[in-house]
1. Loop by DSSP (not H, G, I, E, B), at most 14 other beta-carbon atoms within 10 Å: where is the longest site-free stretch of chain A for GluC sites (Glu not before Pro)?
2. Can you list, largest first and rounded to whole Å, the semi-axes you get for segment B:9-315 by taking the square root of 5 times each eigenvalue of its Cα gyration tensor?
3. Quick one: P(r) of the protein assembly as shown from all Cα-Cα pairs, 20 Å bins, percents rounded to integers, in order of increasing distance.
4. Please state the relative contact order of segment B:408-492 as a whole percent: Cα pairs under 8 Å, 6+ residues apart?
5. What number comes out for the charge environment of B:PRO178, summing +1 per Lys or Arg and -1 per Asp or Glu over other residues with Cβ under 12 Å away?
6. State whether segment A:1-112 is rounded, prolate or oblate according to the following rule on the C-alpha gyration tensor (a ≥ b ≥ c being the square roots of its eigenvalues): a/c under 1.5 gives rounded; otherwise a/b larger than b/c gives prolate, and the remaining case gives oblate.
7. Rounded to the nearest 5, what % of DSSP beta bridges with both residues in the protein assembly as shown are antiparallel?
8. Please state, rounded to one decimal and in Å, the Kirkwood hydrodynamic radius that segment B:441-498 gives when every pair of distinct Cα atoms enters the mean of 1/r.
Amino acid sequence: MTDTKTLIRLSAARLAEKLAAGEVTSVEVTQAYLDRIAEVDGGERGVHAFLHVNAEEALAVAAEVDAIRAAGGAEAEALHVLAGVPIAVKDLIVTIGQPTTAGSKILEGWHSPYDATVVERLRAAKMPILGKTNLDEFAMGSSTEHSAFGPTRNPWDLDRIPGGSGGGSAAAVAAFEAPLALGTDTGGSIRQPGAVTGTVGVKPTYGSVSRYGAIAMASSLDQIGPVSRTVLDSALLHHVIGGHDSRDSTSLPDPLADLVAAAKTGNVEGMRIGIIKELHGEGYQAGVENRFNDSLEILKEAGAEIVEVSCPNFQYALGAYYLIMPSEASSNLAKFDGVRYGLRVLPEDGPMTIERVMGATRAAGFGDEVKRRIILGTYALSAGYYDAYYGSAQKVRTLVQRDFDAAFTVADVLISPTAPTTAFRLGEKLDDPLAMYLNDVATIPANLAGVPGLSLPGGLADEDGLPVGIQLLAPAREDARLYRVGAVLESLLEAKWGGPLLAQAPELAAAAGPVETLVGSQEAK
Amino acid sequence: MDTEAILSFEEAMEKYDPVLGFEVHVELNTKTKMFSSAPNVFGDEPNTNVNEVDLGMPGVLPVVNKTAVESSIKIGLALNCKIAESCRFARKNYFYPDTPKNFQTSQYDEPIAYDGYLDIELSDGTVFRVEIERAHMEEDAGKLTHMGGATGRIHGADFSLVDYNRAGVPLVEIVTKPIEGAGSRAPELAKAYVAAVREIVKNLGVSDARMERGNVRCDANVSLRPHGRERFGIRSETKNVNSLRAVEHAVRYEIQRHAAVLDAGNPVVQETRHWHEDTRTTTSGRPKSDADDYRYFPEPDLVPVVASREWVEELRATLPEPPAARRKRLQADWGYSDLEFRDVVNAGVMDEIEETIAAGASASVARKWWMGEIVGRAKNADVDPGQLGVQPATIVELARMVEDGKINNKMATEVLDGVLAGEGTPADIVEKRGLAVVSDDGPLLEAIDAALAAQPGVADKIRGGKVQAVGAIVGGVMKATRGQADAARVRELILEKLGVTA
């Protein structure tokens, strides 16, 4: 019997082994995580990673897995390797039986009538879903401060941001409230929170994980991916959620190479790893740069060949992203109008026309950052401006893809810091959208090109003792390379640190108040 | 509603050349919708043929219906169009509650079919070529019903109901190039063009092509220019002109109205117009400028539709006989003279006659009924003959009654009126109106008694309320009387005898 404090710190792969060996039950594991959530998530100084806790259903799924294991036989044999391992789901991904808010007032209290494809796959693998995690409203932000239901705190320092938009998923995994989580990454929303919370996050190749049921921000950039504490765990989860889906037209027809095997390869000898000249140096925090150099050194020692590549068009990537993303978002978010579901606000006076009800609903339901992007996108798509803005941005997108193509002729994998800085303080950049947008400078090119990216912990910055993320990038469909290089780098770094980086995170005090499941409380019976 | 001034058609033609343009929307009869797996069925309870995709729920994604693409390619080929090797969908963004996503997914600058033509045969046999600009795929919107107002339009309504069953139904929009040179034949050409498009899509089997259900909807653009001038005048777009006769009337009316506006020295307003079948006039809709900003951009949730040349040729090989060739064949099969056949075509009852012959009537009987009786009634009722609702089986039944000597021709036309008035089947009407040859009940009653005694179980069933079982007894009596009895009267007598009311 493992004590719960140890239990919740185990990797998902290790948990899976213990579950399969019968050393622990899924109900014990699930309950341990629910207890941890109750302990650290709520109250004034709680992490606030969760918007809804799904205790009853999670325990029921756990009990079902335990019963199947106890009965033995073919059904037990057929259990998925991650069966009984709990998971948290970003609240941008729709689920039957739990509310889905996208972090917005406009969807408060809404229950989806259908499951996202990735959620169906979690259910098929019989992974208990612990609940829904906090995010910037409609995934628009880099700090989770734009959530309509209050910010999430970084477990490394509760006065700092956990990154965004998937700060809830990253913080939940970093605070041992879940072993695994799902995120979505449009411009870095999985990788940047991973970097600033000392966790692993992967944005898969565009099209390798179905987007059906992920509330769209920018359809051509969005991708669902895994959040975890180890590289192997992300590979295991990526395998569960990936693969073709006939409900997503952009879904790739063929499966990727074996990601789990790649994570277990154990060597990088002879691999060419390319430093992207434009994605480090000026504008990057010194401590970030130092840890980045440590990783290069370690990979070189492990037998990799370090080369330098130039991607000159990356300098335009941020600008192009902030035209394409809001353009698509302005159209994707048009459906939130109060007519069919979600919030409906009636104008206080004047005629009750449909235009005025839609206007009042959207004015009250959307936060400032969402409105800002809708306005930007509407403008960029307007007649007379389309060519100059949306059209030019698409050209830059092609140039960024070409830069990647060229870089991958000389390197097998590219490497950079994931984010230019460590976690900043809550409120620090809230009134400065441009400073906030700059957080995504290193992660955005991968979304524009559709290539996969992985962020893993690279150590702590000298000046503030906060986690630094290392980003690996591979050609489209070559996600396996990320897991191979990532797992090797991870094991060498952990050997150097004497254990996982998260072991160095401060203990979280038991939170003073109850868990705030703002949304969940609405459906309390 | 002000009545606008119009010039006589003849006067308008003396001064101006009309230029026409049509946008015809064809609803495809695919099993499922354009981008979702919900059923594409007309007439069901509102909001039942919908799923999360049709309702624009958060997180949903569209998937293109392959059959709809096939149908669109077939339409393109039948319109002599080129088929794009690769084409994309776009989003047309506007806020309106009949569009659940607040954008319509439609093709914009990359239609699947383009640069075609259609040769239109006019009533005197001359052929007029209409150039097709494009045929593109899109999805239909939901249906709004405005409640509480006097006009049925949104203006003045208390509230509106929306039915999303139609939202996402696959549409092909066929757009012509400007049609010049039709002169005074413009209204006739308009009707003939829409009829030809309807005929083609029906013949291809890709649409039910029923205009009264909105399967084929026409927007008619009309502009005038003085004789000899090359530059086009300002156009109006009359929306949803949804019968062949209405297309002809709307074009004629708009020509007359434009002529009056121009004659008064005023500019024509570029706008949409509403067609009113009752008054055969149009009224002003909303202003339409070329600057309407729908913020089109390529639909990022869909990959391009790729139509390989092999696929296109495979589809071309499956195309049915073109309507013009079909007409030649039918005329030969039916043995109609050129004049007879042209009259049939012009009256718009060729399909109906074909169906009637298929139901068992001879070619001459079918023509006699449709041309001699039904077309005239349709004219009086001011509808297309097909819209009167006469079933082929009805005509076959009427013809048989006449042939059998049960009723004469004069009675038969009276029965037809009864059918049209909704009084029931021809047999019902013959019975109700007492049109049948008077028969002596005496011998009949004897035969009935014998038939009932022969089939006591059936008699019990009828007593028990299974009135439809009466057919077996009637059959027995008819057999016994060698078919000379009036079947309806026999039925009546049997039921009377058994104390059952039909």
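1. A:45-268
2. Value: 32, 24, 18 Å, ordered largest first.
3. Spelled out per bin, shortest first, that is 12, 34, 27, 19, 8, 1.
4. Contact order relative to length: 26 percent.
5. So the surrounding residues net to -1.
6. Judged from the Cα gyration tensor, segment A:1-112 comes out oblate (a/c at least 1.5, b/c at or above a/b).
7. 85
8. 10.9
Bear in mind that the values in this text are calculations on the coordinates, not laboratory data. Owing to the predicted nature of the structure, the values given are computational and were not obtained by experimental measurement. Neighbour counts run over all protein chains shown; Cβ positions are idealised from the backbone, glycine included.
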